[in-house]
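Enquirer: Below is a structure I'd like to ask you about.
None of the figures in this text is laboratory data; all of them are computed from the coordinates on show. None of the values given here were measured: they were computed from a predicted structure. Note that we place each Cβ from the backbone using ideal geometry, even for glycine, and neighbour counts take in every protein chain shown.
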Amino acid sequence: MINIAILGFGTIGSGVAEVVEKNQEEIKKVLGENLHVKYILDIRDLPGVVKDIDTIINDPDIKVICETMGGKEPAYTYTHLALERGISVCTSNKELVDAHGVELSAIAREHNCSYLFEASVGGGIPLLRTIREACGHEKISKIAGILNGTCNYILTNMKAGKEFDAALKEAQENGYAERNPAADIEGHDTARKIAILASLVSGKKISYEQVDCEGITNVTAEDFAEAEAKGMSIKLLGVYDAENNSVLVAPHLVPKESALYNVNGVFNGVMIHGNMVDDLMFYGRGAGKCPTASAVVSDVIECVKNIGRNINNDFADLEPANVNKAPEKPLGQKFRTL
Ligand SMILES: NC(=O)c1ccc[n+]([C@@H]2O[C@H](COP(=O)([O-])OP(=O)(O)OC[C@H]3O[C@@H](n4cnc5c(N)ncnc54)[C@H](OP(=O)(O)O)[C@@H]3O)[C@@H](O)[C@H]2O)c1
């Protein structure tokens, strides 16, 4: 039996426990052993929950930790402490990966353990490992992705005739948008995710501050009517363009012929263009308890298969990138076209 710990028992952390419990048989099949959640650390007074990270990292039984607290601190300190002890960390925390992912990956390598973050981009979509392992030999020239389910839900409802405020309110009522939705609707969440993807494929660390970022607050129902008349829809895309060396988040006109046109509601879709494989399309739930937790558990399984060894996540050696400004919108146009 392999013992793990969960830091932060919120939406994703409790999802990790659920995936481990409900899919024990499948996990045993791939691992040859059961996974057991030995510790849960949370700030809240929940039964059986520990409050002290030392209890977890001083227990030699713990081989892997899931960091699903979010935010920079104490997630950074706890991750640092665990990796220094040779305990692998799997996270859904894109903010921490963006801010400290390179440093934490180097610490993991130094201590023969791993820092993996599949769940930080595209929720349940197996994206990062696929890019790293199945597409490592490709020259990837472009990534264009719908990476934020909240924005896509709002825009899908606007396509059906709602104005922005009404669509946002509905997203909040259905639990798809936070009470403070700024990180989603201003594009910052998408920027963090496209920055992680762009870093992986460019081999340089692109931080979220380097992304040209425009959210969806200026999109109107009238824009949708005009787009529809041209056979297009409007989607918030994160775009990495290798040729121009730029990373952009902005609402785009997406033609009907594009596979991204039909990515609706809370779903995410990511298109990647490789020089040999041509266009690839990834589709799935980019957020939510069990889909995101499933991605965390997939990382846990990789870490357990590699106990005592570092899994190269292609992040440890990244030097800071210089990126160019994204091309301007065409003159007189409100949106770029995909
Ligand atoms: N939700 C999604 O669909 C989704 C998808 C992809 C990635 N993510 C990422 O996954 C991470 C977790 O998201 P979430 O939605 O699960 O958040 P959440 O529901 O707020 O869960 C975080 C948990 O960690 C606890 N916590 C916060 N600070 C702590 C501390 N100092 N010590 C111990 N526990 C602490 C929180 O307790 P309190 O509630 O008392 O603060 C809460 O139980 C974030 O980085 C998020 O960006 C989320």
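Enquirer: Take the alpha carbon atoms of the range 287-338, find their center, do the same for the range 56-89, and report the distance between the two centers in whole angstrom.
Expert: 20
Enquirer: Next up: Can you tell me the 0 to 90 degree angle between the C-alpha axis of helix 75-84 and the longest principal axis of the chain, rounded to 10?
Expert: In the chain, helix 75-84 runs at an angle near 50 degrees to the longest axis.
Enquirer: Measure nothing but the geometry: give the 0 to 90° angle between the long axis through the Cα atoms of 94-110 and the longest principal axis through the Cα atoms of the chain, rounded to 10°.
Expert: Approximately 40 degrees, to the nearest 10.
Enquirer: Report the gain in length on full extension from residue 51 to residue 221: 0.36 nm times residue separation, minus Cα-Cα distance, nm rounded to one decimal.
Expert: Working it through step by step, the gained length comes to 56.4 nm.
Enquirer: I'd like the GluC sites (Glu not before Pro) in the range 147-233 restricted to DSSP loop residues with at most 15 other Cβ atoms within 10 Å, sorted by number. Don't skip to the end; give the middle numbers.
Expert: On the way: sites: 163, 170, 173, 178, 186, 209, 214, 222, 226, 228; in loops: 163, 178, 186, 214.
The qualifying sites are 163, 178.
Enquirer: Apply the a/c threshold of 1.5 to the C-alpha gyration tensor of the range 1-130 and tell me whether it is rounded, prolate or oblate. Intermediate results must be reported in sequence, preceding the final value.
Expert: Working: a/c = 1.26, a/b = 1.10, b/c = 1.14.
Here the range 1-130 falls in the rounded category.
Enquirer: Another question, if that's okay. Anything over 19 Å Cα to Cα? Flag those among 72/193; 159/289; 205/305; 162/329; 72/325, in the order listed. Intermediate values should be presented prior to the final figure.
Expert: Values: 72/193 16 Å; 159/289 27 Å; 205/305 28 Å; 162/329 25 Å; 72/325 27 Å.
Pairs exceeding the cut-off: 159/289; 205/305; 162/329; 72/325.
Enquirer: When only DSSP loop residues count, what trypsin sites (Lys or Arg not before Pro) in the range 58-140 have their Cβ near at most 12 other Cβ atoms within 10 Å? Mind dumping the intermediate values first?
Expert: Numbers: sites: 63, 72, 85, 94, 109, 129, 132, 139; in loops: 72, 85, 139.
Loop-located and lightly packed - 139.
Enquirer: Here's a follow-up. Just report the Cα centroid separation between the range 190-225 and the range 112-146, whole Å.
Expert: Going from one Cα centre to the other spans 16 Å.
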